[in-house]
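Here the structure comes first, spelled out in structure tokens, and everything after it is commentary.
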Amino acid sequence: MRSPSCRVQAFLAAGHVCSVMGVEEYPELAERFRVPIVVTGFEPLDILEGVRRAVRQLERGEHTVDNAYPRAVRSEGNPAAQAMLEDVFEVTDRAWRGIGVIPGSGWRLSDRYREFDAEERFSVTGIRTVESAACRSGEVLQGLLKPHECEAFGTTCTPRNPLGATMVSSEGACAAYYLYRRLDTTPLEASPVA
Ligand code: SF4
């Protein structure tokens, strides 16, 4: 959101994350970036309701946190699950595909569980992933580019052969565009009025 070119206007906060972490960290972000944040589930009606609430806030010039998924998400989240996360993991810097390193944005196993850490056990710490130069997922994630506007979309980049993060999982923007592009039809010409 600090990027001058970022065009994201609102967020649908993932309900499965919020069911564990709660929503109490979001109001400060909504206020700081003056952006609506709507906690949303994954059923089609949940998504539509999340979009509807986000658009309603934008139309009204509001920027609050709205929990549209109360059947699964409580404000405080799940304290027992949070305690387990706190025990097993510790915060670390993490590189996000298409964006780069964001300080304090990831987890790694805490020292208490070091014996289970594959990076320690198998000496794999030197592995570096190289992103395809053709991939523009960073721009997709910032709302600067529609997936089908990427030259690799549907040609060299498909769900079976993804070049970037947003084509990897079914919930990624590029994968969703690929899956549903059959719906991207040219509007029919208006029928003559009888
Ligand atoms: S279509 Fe593929 S290459 Fe293009 S931005 Fe999306 S993931 Fe990257």
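A few points about this structure:
- This model, with +1 at the C-beta of Lys and Arg and -1 at the C-beta of Asp and Glu, gives the range 79-121 a dipole about its Cα centre of some 220 debye.
- For the range 112-137, backbone nitrogen atoms closer than 19 Å to the point 7 Å from Phe89 Cα along Cα-to-C-beta are found at 112-120.
- Model label zone, Arg128; criterion: amide N under 17 Å from point 7 Å along Cα-to-beta-carbon; scope the range 96-116: 96-102
- A Gaussian network model of the chain, with springs between Cα atoms under 10 Å, assigns the largest mean-square fluctuation among Pro103, Pro36, Pro70 to Pro103.
- Equivalent ellipsoid, the range 79-121 (semi-axes from 5 times Cα gyration tensor eigenvalues, Å): 21, 15, 7
- Percent antiparallel among DSSP beta bridges (both partners in the chain, rounded to 5): 50 percent
- Selected from Asn78, Ser3, Ala152, residue furthest toward positive end of dipole (the chain; charges at beta carbon): Ala152
- Cα centroid separation - the range 116-135 against the range 1-34, whole Å: 29 Å
- For the options Thr129, Thr156, Thr92, a Gaussian network treatment of the chain with springs between C-alpha atoms closer than 10 Å singles out Thr129 as fluctuating the most.
- Considering only Cα atoms, the convex hull volume of the chain works out to 184 Å³ per residue.
- Among the GluC sites (Glu not before Pro) found in the range 140-179, those both in a DSSP coil and sparsely packed, with 16 or fewer other Cβ atoms within 10 Å of their Cβ, are Glu151, Glu171.
- Lys, Arg +1 and Asp, Glu -1 on Cβ, resulting dipole of the range 11-67 about Cα centre, debye, nearest 20: 220 debye
- Computed magnitude of the charge dipole of the chain (debye, nearest 20; Cβ of K, R +1, Cβ of D, E -1): 500 debye
- Helical runs (DSSP H, four residues minimum) scored at -39500 (n - 2.57) apiece and divided by the length of the chain put the mean residue ellipticity at 222 nm at -8500 deg cm²/dmol.
- A 1.4 Å probe run over the protein chains yields, for the range 11-67, 59 Å² of accessible area per residue, whole-number rounding.
- Carbon/sulfur fraction of accessible area - the chain, other protein chains in place, 1.4 Å, %: 55 percent
- GNM flexibility winner over the chain from Ser169, Ser123, Ser75 (Cα, springs under 10 Å): Ser123
The values are calculated or read from the model by the stated rules, or taken from the named source; none is laboratory data. Everything numeric here is computed off the predicted structure, so don't read it as measured data. Cβ: placed from backbone, ideal geometry, glycine included. Neighbour counts: every protein chain shown. With ligands, DNA and RNA removed, areas are computed over all heavy atoms of the protein, side chains included. Shrake-Rupley method; radii C 1.70, N 1.55, O 1.52, S 1.80 Å.
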